[in-house]
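Novice: Could you have a look at this structure, given as structure tokens, before my questions?
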């Protein structure tokens, strides 16, 4: 248990806080990698998910490929892309985007698929075009499940972004691999605690976002 | 015989589902509890097999107070048929029917042989024995439900809106079948419905219930229609609103029976059919 | 292709080690998630707590967990038991939610009718609720199986023998074929286990296929 107190002491030690390799800078890097990966994954996955959810076509393909993507070992992708493109940010980013896409994609199409078919029928009967149906009915009603998908993607990416440091990028993983090399358990634990802390903060933000969306949807 | 002695049921939140209800359901006859939703009729039915225990009062089967019988063995000797049949979706038709005998330890071969007999009794082709409930129509599922209720050869059959979820033609069919089966088996049936026409069609004794399971009137179908006890009963029967006030009207095609609004309710059979 | 042919034996032994870590973790997380999920499904007040705890468990990065767990439990870092416990925790994080949802998905009418038929509480759980929760349980188990098999590879950073060592070794020595082989072998292994689970589900739950016909 005293590893925990040592780890917390390590985090609070001013000597570890400042500078480009300090706790603040590494945390900011870690958060930045996470947001960038989730954002890129969303840009790819949300339109695709809406297309599948709206047309109902390609669902089998999406389910199968998300299953396969889940089997893809992130460490393998990181090292593979690292070997091909060299060390730096690109390799971990590719891996993290691949990690995030399945959850976001599933959230996007499941959100539309879960809408009561009678609601869709009613909207069509009122004379909505496909575009109107998508933007005024399907996207708003699908928002809670989409948010849920982005949330679980973010959670996975935050935890996995520690691997970025293995191929020379930054983030909180730096402390982890440094500690691993020198058998410095408090430093490794400190890195883990910081990651969990960031995850908790992001979770809280998503919780608020989900409640606000739910309230909006009831009012509208 | 089933006897309710001054039973009441209230819940911790203060709602009173049943207040001081007493009734006898004679052996070998069908007693129909009829009333609007929320009148407490289902609660009464579930007191018989102890799915609900009364807050006060007692329920008797012949000379036994049900409170003295453990719920699980009690339920295994009382047949129960509910809306949407309540079949187990992961069991084949034949296993659904044989559920209670198997629970009671009847050998599988014998339970299955009996299940096939019951399928014939309720008008199901035995070729359906190996299907799953989802592969049957609503009416067929309901027949399986009746067969399952009869499987342990119980003296008592409790039926909770068993035909409420099927379309009118199938429902009429199922009612006719139930009457036929009852003529053969003479079970003590307690039947719950909100449909007065169904109550009149099936009941030897009709009990019309108001809120809190107050007995507005109990009697034979003839009695309640001919002599409704009060406004509430008359209103429930549809008397005075034209529902059951029938008249004869001569038309070129024959004598029609019309309701209070002049809408045809049927044709006068000529010569009148003998009571069966 | 040349690398694969030259190292078939190595790939085979790493696959076996990989399975020896993944399969116990998958089985354990399923078996442990059932009572927890049942508790969450039947005791409404515990649901939010259990599911939030499970969710947070998932936010812990796997590598530090592999490292820190031994300091709490007294295993060596490279012990199979250490890796299995860590993987089981991640599996639980996913499976508890699935189990709670699965058991909650059994409809009230079926519960009611089986009570009326005279099932005891235990009989109803084993013979009615558990089989009917089967399809949702299976869906959850498939996700757990696939992600566990993928997650095993992270432990190779600590030198634990499994397919992930092909990434570490290949990356350090610059052998692209080795890394690629590791990825493909892991994915294939995951898909094979997934397919086996689907077949098992069909054998154990014949009614789910009948209904779709």
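The values are calculated or read from the model by the stated rules, or taken from the named source; none is laboratory data. Just so you know, these numbers come straight off a predicted model, no measurement behind them. Note that each Cβ is placed from the backbone with ideal geometry, even for glycine, and that neighbours are counted across all protein chains shown.
Novice: Given the structure, is residue C:106 within 14 Å of chain B (Cβ to nearest Cβ), modelled with pLDDT under 90, in contact with a helix residue (DSSP H, G or I) (Cβ under 9 Å, 6 or more places away or on another chain) and not in a helix (DSSP H, G or I)?
Specialist: Yes: the conditions hold for residue C:106.
Novice: Looking at C:164, C:159, which one is crowded, with 21+ Cβ neighbours inside 10 Å and either more than 10 Å from chain A (Cβ to nearest Cβ) or closer than 21 Å to residue C:77 by Cβ (or both)?
Specialist: Just one listed residue meets the conditions, C:164.
Novice: Further question on the same structure: Name the residues in segment C:183-213 that are touching a residue at least 60 places away in the same chain (Cβ under 8 Å), within 30 Å of residue A:178 (Cα to Cα) and at the interface with another protein chain (Cβ under 8 Å from one of its Cβ atoms), would you?
Specialist: C:186
Novice: Right, something else. Identify, by number, the condition in (1) free of Cβ contacts under 8 Å to residues at least 40 places away in the same chain; (2) in a helix (DSSP H, G or I); (3) farther than 24 Å from residue C:121 by Cα that residue B:134 doesn't meet.
Specialist: Going through the list (1) free of Cβ contacts under 8 Å to residues at least 40 places away in the same chain; (2) in a helix (DSSP H, G or I); (3) farther than 24 Å from residue C:121 by Cα, residue B:134 breaks only (1).
Novice: Condition first: more than 9 Å from chain C (Cβ to nearest Cβ) and surrounded by fewer than 18 Cβ atoms within 10 Å (Cβ to Cβ). Now tell me which residues in segment A:185-208 satisfy that.
Specialist: Within segment A:185-208, A:197, A:201, A:204, A:205, A:206, A:207, A:208 meet the criteria.
Novice: Check off (1) buried (at least 21 other Cβ atoms within 10 Å of the Cβ); (2) within 30 Å of residue B:41 (Cα to Cα) for residue B:132 and give me the number that stays unchecked.
Specialist: Of everything listed in (1) buried (at least 21 other Cβ atoms within 10 Å of the Cβ); (2) within 30 Å of residue B:41 (Cα to Cα), residue B:132 misses just condition (2).
Novice: Quick check on my filter: what residues within segment A:166-184 are in a helix (DSSP H, G or I) and facing another protein chain (nearest Cβ under 10 Å)?
Specialist: Residues of segment A:166-184 in a helix (DSSP H, G or I): A:166-167, A:173-182.
If the condition is that a residue be in a helix (DSSP H, G or I) and facing another protein chain (nearest Cβ under 10 Å), then A:166, A:167, A:173, A:175, A:176, A:177, A:179, A:180 are the ones that fit.
Novice: Here are some conditions: (1) farther than 14 Å from residue C:117 by Cβ; (2) in a helix (DSSP H, G or I); (3) in contact with a helix residue (DSSP H, G or I) (Cβ under 7 Å, 6 or more places away or on another chain). Residue B:176 meets all but one. Which one does it not meet?
Specialist: Failed condition: (3).
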